[in-house]
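*Asks:* Let me give you the structure first, and then I'll get to my questions.
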Ligand SMILES: [Zn+2]
């Protein structure tokens, strides 16, 4: 179902951006398989309803979609995204912070650092630079 129309509605633009950011992070971790993309779509559908009920939450959508996908992946694929900062010890996932707020970031609670903005994980991990 390709939609050739550029989203112009602010809600559509918000959802479109959230989707693109999370897909970019998934691609950087090389987990953008078809079933994973459908997890993003499912989340976007749910968050569309959510932000229609609460338009002030529009700025939070990207972080929420990232967390939805993270939860869905944990059940089907395992932890995502794995922390690129800590070189030793048990592999652990990054968390989205703030959980409910604008400008979401991936953080490692173990090292106590911000790793990257949601959507910029590829730059932080140095992956996916194949052009
Ligand atoms: Zn870490």
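*Asks:* Just grab the label-to-label distance for residue 77 and residue 13, each label 7 Å out from Cα along the Cβ direction, in nm (one decimal).
*Replies:* 2.9
*Asks:* Which of 101, 87, 29 moves most in a GNM of the chain, Cα contacts under 10 Å?
*Replies:* In the Gaussian network model the winner is 87.
*Asks:* Run lengths n ≥ 4 of DSSP H only: what is the helix-derived mean residue ellipticity at 222 nm for the chain, with -39500 (n - 2.57) per run over all residues, to the nearest 500?
*Replies:* -15000 deg cm²/dmol
*Asks:* Would you mind putting 20-27, 43-50 in packing order, based on average other-beta-carbon counts within 10 Å, highest first?
*Replies:* Details: 20-27: 20.8, 43-50: 16.2.
The densest-packed peptide leads the list: 20-27, 43-50.
*Asks:* Would you compute, for the Cα atoms of the stretch 10-125, the largest minus smallest coordinate along each principal axis and list the three values in descending order, in whole Å?
*Replies:* Here the Cα extents, ordered largest to smallest, are 43, 29, 23 Å.
No value in this document is a laboratory result; all are computed from the given coordinates. Predicted model, so just to flag it, every value in this text is computed and none were measured. Counting neighbours? That spans all protein chains shown, and the Cβs are built from the backbone with ideal geometry, glycine included.
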